[in-house]
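The values are calculated or read from the model by the stated rules, or taken from the named source; none is laboratory data. Because the structure is predicted, anything quoted here is derived from the model rather than measured. Neighbour counts are summed over all protein chains in view; Cβ atoms, including those assigned to glycine, are modelled from backbone coordinates with ideal geometry. Ligands, DNA and RNA are stripped out before the accessible areas are found, and what is left, the full protein with its side chains, is counted by its heavy atoms. Shrake-Rupley method; radii C 1.70, N 1.55, O 1.52, S 1.80 Å.
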Amino acid sequence: MHSKESSVQYKFIARSRQDTARLAAALAEVVTPGTVIALDGDLGAGKTTFSKAFAKHLGVHGVVNSPTFTLIKEYEGRMPFYHMDVYRISLEEAEELGLDEYFYGEGVSLVEWASIIPELLPEAHLQLFIEVTGPEERQIRIIGYGEPYETWCRNLKENGVLSNE
Ligand SMILES: Nc1ncnc2c1ncn2[C@@H]1O[C@H](COP(=O)(O)OP(=O)(O)OP(=O)(O)O)[C@@H](O)[C@H]1O
Ligand SMILES: [Mg+2]
């Protein structure tokens, strides 16, 4: 068991959409089947922008839209990509969706507004918080809960992609 309190927090400053896309690309390079990424941040922070870049670098062709109304969209890239947005639903409704099938499936799950459903996320996951710090600037805080996420974060720090808080 890992403790949430002791988890190391990393930081990425994006000064443009392209920077946000660069972080998404770096993560898309290391993910494996069964990866779960929780994305949070205010309306318009850049969650879907991040997701689109992530999908592209995962090898998904075609248009990736916000799944706000569809809740879950499935794409095929180097591995399946499950794009979810739980903004419009309650925890109770989310429980009915059978998300475990995705979280423990063969693809990468990326959940926008994951903080609405903390109880439904696997304990091990990668958390990203996007904060608006300027018209084009975003501060993205990243925490890896459990393995392999903690190792990925440490490696991205060593590669100069992430910095310490
Ligand atoms: N550095 C940046 N990173 C990401 N998005 C940026 C950045 N700078 C500006 N933007 C703009 O901010 C907006 C982010 O919108 P996006 O739909 O990605 O947000 P969201 O977090 O998914 O919002 P919602 O919760 O409403 O779905 C886009 O218009 C994007 O172009
Ligand atoms: Mg969105």
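How would 52, 11, 47 rank on accessible area, largest to smallest, probe 1.4 Å?
If we order 52, 11, 47 from most to least accessible, we get 52, 11, 47.
Counting other Cβ atoms within 10 Å, which chymotrypsin sites (Phe, Trp or Tyr not before Pro) in the range 13-83 have at most 12 and lie in a DSSP loop?
Listed in order of number, the matching sites are 69.
Would you work out the charge dipole size for the range 73-130 about its Cα centre, treating the Cβ of every Lys and Arg as +1 and the Cβ of every Asp and Glu as -1, and quote it to the nearest 20 debye?
Values: 3 positive and 13 negative charges, 68 e Å.
I would put it at about 320 debye.
To the nearest 10 square angstrom, how much accessible area does residue 74 have with a 1.4 angstrom probe?
Its heavy atoms expose roughly 120 Å² to the probe.
When all protein chains stay in place, what accessible area (Å², nearest 10, 1.4 Å probe) is found for residue 97?
60
Once you place label points 7 Å from the Cα toward the Cβ at residue 19 and residue 159, how far apart are they in nm?
Output for this residue pair reads 1.9 nm.
In a solvent-free Debye calculation with one equal scatterer on each Cα, what is log10 I(q)/I(0) for the range 56-165 at q = 0.14, 0.18, 0.22, 0.24 Å⁻¹, listed in the order of the q values?
So the normalised log intensities work out to -0.67, -1.11, -1.41, -1.44.
Using a 1.4 angstrom probe on the protein heavy atoms only, could you order 8, 161 from most to least accessible area?
Highest to lowest solvent-accessible surface, that is 8, 161.
Grab the beta carbon distance between residue 132 and residue 7, set R0 = 30 Å, and tell me the FRET efficiency rounded to 0.05.
Taking R0 as 30 Å, the efficiency between residue 132 and residue 7 is 0.80.
Given a 1.4 Å probe, how much area per residue of the chain is accessible, in Å²?
Working: 8280 Å² over 165 residues.
That works out to 50 Å² for each residue.
In what order, largest first, do 125, 61 sit by accessible area if the probe radius is 1.4 Å?
Per-residue accessible area, sorted high to low, gives 61, 125.
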